[in-house]
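Peer 1: Could you have a look at this structure, given as structure tokens, before my questions?
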Amino acid sequence: MTKRTPAKHKIDRRMGENIWGRPKSPVNRRDTGPGQHGQRRKGKLSDFGIQLRAKQKLKGYYGDLTEKQFRRIFAEAERQKGDTGENLIGLLERRLDAIVYRAKFVATIFAARQFVNHGHITVNDQRVNIPSYRVRENDRIEIRSRSKQLTLVLEAVQLPERDVPDYLNVDHSKMTATLLRTPMLSDVPYPVQMEPNLVVEFYAKN
């Protein structure tokens with residue numbers, strides 16, 4: 001499993017939203033912010049603050065990516081044809097750890113990163129242990145034979161709190177997943193509103 005559970009809850013509290021839709025998120029129980037003075041009224045965010053929050057939320061959702069990692073992905077999205085915000089979402093969703101999470105092979109994005117890192121996943125029958133590996137359309141992702149009966153996998157498959165999106169073809173009896181197409185923002189089942197357009201505005205000004 002992952003050691004990032006405290007960090008995961010910390011991100012939820014910092015954002016003030018249950019960004020993964022998890023039933024144990026602390027923001028499900030508290031309406032106030034963290035700390036002794038959490039009940040004080042929060043000031044209205046500036047445009048910069050709104051854009052920064054949108055960036056932090058998206059970075060946090062995909063496993064609290066570093067600024068360097070996220071900026072590199074954004075730069076690639078900018079170079080591609082089409083809408084930069086949509087390109088950004090497509091690139092983030094094609095990360096191997098994101099695919100493993102979306103396929104419900106593990107319970108959290110943090111567990112997905114660790115699961116890939118520990119060599120439990122193959123792509124087109126080749127072992128891949130790099131969470132940021134870019135999955136291509138029609139690539140076949142599979143849990144290695146010796147890992148298919150791990151408790152965390154069997155429990156994750158049964159989680160009722162999220163469904164597998166339709167841009168993935170997943171067979172839980174064989175523990176395989178295929179990326180059918182690169183998703184658009186409207187295809188991705190975020191539990192909260194993500195605003196990649198604000199991320200584009202943030203980087204355009206900073």
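No lab work stands behind these numbers, since they all come straight from the coordinates. From a predicted model like this one, the values you see are computed outputs, not experimental measurements. Glycine also receives a Cβ, built like all others from the backbone with ideal geometry; neighbour counts cover every protein chain displayed.
Peer 1: List, in the order given, every pair from Lys81/Lys205; Lys55/Lys174; Lys44/Lys104; Lys44/Lys205; Lys55/Lys148; Lys59/Lys205 whose Cα-Cα distance in the structure shown is over 29 Å. Walk me through the numbers before you get to the answer.
Peer 2: On the way: Lys81/Lys205 21 Å; Lys55/Lys174 36 Å; Lys44/Lys104 37 Å; Lys44/Lys205 20 Å; Lys55/Lys148 35 Å; Lys59/Lys205 18 Å.
Table pairs above 29 Å Cα-Cα are Lys55/Lys174; Lys44/Lys104; Lys55/Lys148.
Peer 1: Something else: Counting other C-beta atoms within 10 Å, and keeping those with at most 12, which DSSP coil GluC sites (Glu not before Pro) do you find in region 101-206? Before the final figure, lay out each step's value.
Peer 2: Numbers: sites: Glu137, Glu142, Glu155, Glu161, Glu201; in loops: Glu137, Glu161.
Here the sparse-neighbourhood loop sites are Glu137, Glu161.
Peer 1: In nanometres, what is the gap between the two model label sites at Arg181 and Leu52, each 7 Å from Cα along Cα-to-Cβ?
Peer 2: With each label placed 7 Å out from Cα toward Cβ, I get 3.8 nm.
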